[in-house]
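A.B. asks: Encoded as structure tokens, here's the structure I'll be asking about.
The values are calculated or read from the model by the stated rules, or taken from the named source; none is laboratory data. The structure displayed is predicted, hence computed values, not measured ones. Glycine gets a Cβ as well: all are built from the backbone with ideal geometry, and neighbour counts include every protein chain shown.
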Amino acid sequence: MIGNLPVKNGKVDLALSLFQPSKEIKDFTRKVKQDVETGDEIQHRVFNEFNDVNILTRMDTDQRLFNTFVPPPSKDPDEAWQYRGRRATSRNKLISIAAHVTTALLYPNVFAQNERDEEDNDAAEVAKELIMWNIENSTYEQTFLFTIIQGLVNPCMYLGAEYNEVTQKIRTKLDNGEISTIDVIDEILSGFQTSNIAVEEMLIANPYQHYHQRQRFTIRRRHVDYDELEALWEHHDNWNYVKPGIRQLYDPGSEMFYDQKDEELSTLGEEVSYRNRRDDTEVVYVNGVYLGNENVENNPFKHRDNRNTPKYPEVKRGYKPIDEGRFYYYKSAAFELAPDDDILNEMWRMSLNAVKLATFMPVSVSGDEIIDGAVVFPGAVTHFNRDTKVEAVLPRQDIASAFNAVQNIEQQMSETSRTDATRQGVSSGGSNTAFEKAKEEQNARIELGVFGKMIGGLVVEVGDLMIDIILHHETVAQAEEILGGMQRLNFRNFLREDTVDGKQVTKKIMLTDEFMGRNLTNEEKLQRSFQLMEEEEVKLKGGARIYKVNPNLFRKLKFKLRVEADQLLPKNEAFEKALGLEAYDRMIQNPFVDQQMVTRDFLVKNFAKGDVDKYMAKQNAVQQEVSREKEGRTSALVEQVAGNGSANRMVNQSVV
């Protein structure tokens, strides 16, 4: 889309392209090209917010810090001896933050409302199960981790969510031995897809509009393998004009497309996805070739919410805001650590160089003797004249102070990045009580601070995109042909494994049309529920949960998502066990609590993985044991009353 058109004798010095679309497409391409140039200019603009550098330079500097970049050795022999390495302190702290906030996989809690603004808990549970199904059947977990790292290192982090339907050709052997090619669904590229979007790939309209969905346009410019691009776009008539190594450039003056060779596009194609939410327009260009609808007015957004409103299919957050919410980008953790990191590494290099000088100290020689480095080695014996003197050139240095300064700087960096052990909820040692452990967990939650809220907002917005995808793609029936040329609607079923009360169960969500057009009474709904319970118990032996859903009513609901503060805190298994055992010790002797449930929930559940019931004694055995215990207590009480108890015997013996 962007390129310099060489001009010779007032004309473009390039060959005309075979791709010459209609005037409407050319006029539309002119507008898109202007927006691409605007977004590209923003990426190369110098901002005060980035210490007077542009976005790309800021990213390069922070990524060098994260990757512990070490410059090559100096070619100056007077400087070649100096240590030029770096400590990985900042990288370790950034990895520590990422590990801390991604210990628990975050997913949003769902709340549903019907048309009468009444809460619908059953629909919310179904929506949550469908969200979890999409998470488990996609790369969400890995993508989420890399997104967090992106936010720690770069000016912002993007997490994309979209739904694709891609086919691929496979070869199959027929009964007669011939090989036939058929089209099947590409399971890798199809369905719910999550992706990390590099900051340099995303072009925006206004750097001082903080909210991503309010940008006039967004453009994602990425390089993709031609095989994947072909799988996505080979159905389009203009795909034949896409050639490896050739970029199509549009000249507004002559209103013509030209071919320009580009070695960078020889193996990877450039896909430019242009989206304008206000105009409800979404178009893709590959190597400059238009792959939209012939009617440029008919290129609607693919991603829409349940009110059919277009939305950008990616969400944006960052580590910490730079200002009061005006600037689009953020201050990364690497950017925040950079000043201390520079001082730390400068001091570290000075300390090591000082140690090297102290170990191999330069000396001055006075007298007639010629002494060089050849006589300085272990076990060397050298005879000098009486007048020869060898003295150190430099005074003795206080190297310990330099290393103490390094430790102080590291402590300062820990406070800046909130990565010291206590702030992360890690005990400083000793036997802490459950209260102290709880206090450490509370401190860890507080110290998540702004970044924790950023992550919570990111997860909620991604959850909103997932709900949109579920409603528009996964709850819609597919037409299936049956005998006689007739068609019927076929809805998908969703299965996922889960743990409920310590038991492994299979949850089955069945989208069905058997309830469509019917207004079931409360009695009928109750009867249906009992039928499902019987099916779960009889056919599946209690190891399943079945949900039957009317997709039409489900799509009409309003959904609201949020992330609880407790979800941002990674669960500490040792901490949970300690609290459980302490509660067990206190409650097991209390006659007013159900001791079997106390044993189950606070003792066995802490150590059993999976089915807790197999470790619990049968109810009859427990009742017999309780009965024997009660009988023992009763007989002891009778003896006490009759004067035959152990206490009375002790008194009688003492009297005698």
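A.B. asks: Of the numbered conditions (1) surrounded by 15 or more Cβ atoms within 10 Å (Cβ to Cβ); (2) assigned to a strand (DSSP E or B), residue 209 satisfies every one except a single condition; which is it?
C.D. replies: That leaves (2) as the condition not met.
A.B. asks: Considering each of 296, 315 in turn, give the residue that is part of a strand (DSSP E or B) and not hydroxyl-bearing (Ser, Thr, Tyr).
C.D. replies: After applying the criteria, what remains is 315.
A.B. asks: On to the next question. Look through region 144-170, keep the residues that are of a type in the set (S, T, N, Q) and crowded, with 19+ Cβ neighbours inside 10 Å, and return whichever of them is nearest to residue 231 (Cα to Cα).
C.D. replies: 147
A.B. asks: Could you run through region 78-94 and say how many residues are surrounded by 12 or more Cβ atoms within 10 Å (Cβ to Cβ), among the aliphatic types (A, V, I, L, M) and farther than 23 Å from residue 153 by Cα?
C.D. replies: The qualifying residues number 0.
A.B. asks: Here's another thing I want to ask about it. Of all residues in region 40-51, which are at pLDDT 95 or above, part of a loop (DSSP other than H, G, I, E, B) and either under 17 Å from residue 323 (Cβ atoms) or in contact with a strand residue (DSSP E or B) (Cβ under 7 Å, 6 or more places away or on another chain) (or both)?
C.D. replies: Scanning region 40-51 gives 45, 46.
A.B. asks: Every residue in region 318-346 that is assigned to a helix (DSSP H, G or I), in contact (Cβ under 8 Å) with a residue 60 or more places away in the chain and not acidic (Asp, Glu), please.
C.D. replies: Once the filter is applied, which keeps residues that are assigned to a helix (DSSP H, G or I), in contact (Cβ under 8 Å) with a residue 60 or more places away in the chain and not acidic (Asp, Glu), region 318-346 yields 333, 334, 335, 337, 338, 343, 344, 345.
A.B. asks: Going by the structure shown, is residue 75 without any contact (Cβ under 8 Å) to a residue 24 or more places away in the chain, among the basic types (Lys, Arg) and either in contact with a strand residue (DSSP E or B) (Cβ under 6 Å, 6 or more places away or on another chain) or surrounded by fewer than 16 Cβ atoms within 10 Å (Cβ to Cβ) (or both)? Don't jump to the end; show me each part of the working.
C.D. replies: Details: without any contact (Cβ under 8 Å) to a residue 24 or more places away in the chain: yes; among the basic types (Lys, Arg): yes; either in contact with a strand residue (DSSP E or B) (Cβ under 6 Å, 6 or more places away or on another chain) or surrounded by fewer than 16 Cβ atoms within 10 Å (Cβ to Cβ) (or both): yes.
Here the answer is yes, as residue 75 does meet what is asked.
A.B. asks: Suppose the filter is farther than 24 Å from residue 43 by Cα, among the hydrophobic types (A, V, I, L, M, F, W, C) and outside the structural domain of residue 147 (by TED's automatic domain parsing); does residue 291 pass it?
C.D. replies: Details: farther than 24 Å from residue 43 by Cα: yes; among the hydrophobic types (A, V, I, L, M, F, W, C): yes; outside the structural domain of residue 147 (by TED's automatic domain parsing): yes.
Criteria met by residue 291.
A.B. asks: Out of everything in region 251-279 that is within 26 Å of the chain's Cα centre (by Cα) and among the acidic types (Asp, Glu), what residue ends up being nearest to residue 11 (Cα to Cα)?
C.D. replies: Here the residue is 270.
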